[in-house]
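Report on one structure; see the data block that follows.
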Amino acid sequence: MLPKNMFSLKDYTREDLEGILQRAAYFKKNEGKIFSSLQGKNIAISFWEPSTRTRLSFELAVQKLGGRVIDLNPTISSERKGENMEDTVRTLTSLGAHALIFRHNVPGFLQKISRHTEMPLISGGEGCYQHPSQALLDIFTLREKGVNLAETTIVMVGDILHSRVARSHFLALPLFGARLILVAPPVLLPPELIPPGVSYSYHLEEVLPQGDVIYLLRVQKERQSEGLLPSLGEYAAVYGLNEKRLSLLKEKVFLMHPGPVNVGIEINYKTLKRLKSFPTRKILFQEQVQNGVYVRMAILDIFVAGRVV
Ligand code: CP
C-alpha cells in the first residue's frame, strides 16, 4: 500500500515507482484522449517558492484528468493578514479541496501541515529536502530514450548542497541500479551529504569521460546567502560545461538539467548551441519538461484518484 502523501521517495519500492512510471507511459501514449479520473475533484495548488515547470505541469495534469484547480497564491492569500497554515488548510478543506500540491522553502513544512488535514499532500519541491516528481520524470525520460539505468553512469554536477533534486535522486537511482558520481566544489559537496556507495570528485574534467548522462544542477543563487562561492564566474570556469569540455564527453551521452538553466554558469551559450547539432550527444531539457506532465498525471491518478497500480 502506497503512503497517502508524496513528500519523499524514501517510502517507495522499485515496484511502486515502476507503477507510477508505467501509468505515465500510458498517459503519454494516449495523449489526446480524454481522461476523467479527477472529474468532480478540486486540487489546490500552492507554491511558496517560484516555479514554472512544476507548477504549470501539475496544473495541466489536473486539467488533463478532468479535475479543477484551486489556485492558492501565497502573495495574495490571507497568510499575508496573519492566517496560519493550519487555518489555511482547514479553509481549503471547507472549500472542497481533495488534495494539495505544495512547494515551500522550509524542509519539513509538508510533514507539519499533513497533521492538520486528511487530504493527500503532494510535494512540488520542498526547500533543500526533496523533489520527488522531478526525480521520477528524469528517470522516465532516460528510460524512454532506451537507457538501462543498471548499466548507466550519471555524473551529477553542480550545487549538490542545496539540491532537492539531487536528494530525491539519491533515493530513486539506487532502486534502478544506476551508478552516480557527484561533482562540485568542496563547499557545495560536504562529505556528510554523499550517500554510501556514491562516488564523488572535485574535478569535473576527471569524471566527465565516464558519464553516460551528465546531469547539470542549477547553482541556486537564492540559497547562496552564506557566500559559499567566491564568484559565479569562477564556478563557471571550473565546473561549467564549455566547448573545451565537450571533447571530454562520450560520443553518445545525454545532457539533463531540471531547469531553469543559468546559461553562462552551468553551461555556456555556445556549448548549448553546439550540442544541438550533435547527433549522439543529446540535450534532454525540453523532453524532461514535457514528460513532467505525464508523470504528474500518473501521480495524481494514483494518489488522488486512487488508481491501484
Ligand atoms: N525543475 C523545477 O522544479 O523547475 P521549476 O522551479 O520551474 O518548477
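The values are calculated or read from the model by the stated rules, or taken from the named source; none is laboratory data. Small disclaimer: the values here were computed from a predicted structure and weren't measured. For neighbour counting, all protein chains shown are included, and Cβ atoms are generated from backbone atoms with ideal geometry for every residue, glycine included.
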Please pick out the residue among P209, P185 that is out of contact with any His (no Cβ under 7 Å at 6 or more places or on another chain) and either modelled with pLDDT under 95 or surrounded by 15 or more Cβ atoms within 10 Å (Cβ to Cβ) (or both). P185
R23 passes all but one of the listed conditions (1) at pLDDT 95 or above; (2) more than 21 Å from S168 (Cα to Cα); the exception is number (2)
Apart from one, (1) modelled with pLDDT under 95; (2) over 30 Å from I181 (Cβ atoms); (3) within 24 Å of the chain's Cα centre (by Cα); (4) surrounded by 14 or more Cβ atoms within 10 Å (Cβ to Cβ) all hold for L121; the odd one out is (1)
Which helices (runs of 4 or more DSSP H) does the range 235-309 wholly contain that include 1 or more residues that are under 18 Å from K28 (Cβ atoms)? 285-303
Pairing a residue in the range 48-64 that is farther than 12 Å from G292 by Cα and within 9 Å of the ligand (Cβ to nearest atom) with any residue that is assigned to a loop (DSSP other than H, G, I, E, B) and not small (G, A, S), where Cβ atoms lie under 8 Å and the two sit 6 or more apart in sequence or on different chains, gives E49/N105
What single numbered condition from (1) more than 16 Å from the ligand (Cβ to nearest atom); (2) at pLDDT below 95; (3) in contact with a strand residue (DSSP E or B) (Cβ under 7 Å, 6 or more places away or on another chain) fails to hold for P107? (1)
For the range 30-47, check the following and say yes or no: at least one residue is closer than 21 Å to E222 by Cβ, within 16 Å of the ligand (Cβ to nearest atom), hydroxyl-bearing (S, T, Y) and in contact (Cβ under 8 Å) with a residue 12 or more places away in the chain. yes
Consider R23 carefully, then state whether it is within 17 Å of G292 (Cα to Cα) and assigned to a helix (DSSP H, G or I). yes
Residue check: is E192 charged (D, E, K, R), farther than 22 Å from P174 by Cβ, surrounded by fewer than 18 Cβ atoms within 10 Å (Cβ to Cβ) and without any contact (Cβ under 8 Å) to a residue 24 or more places away in the chain? no
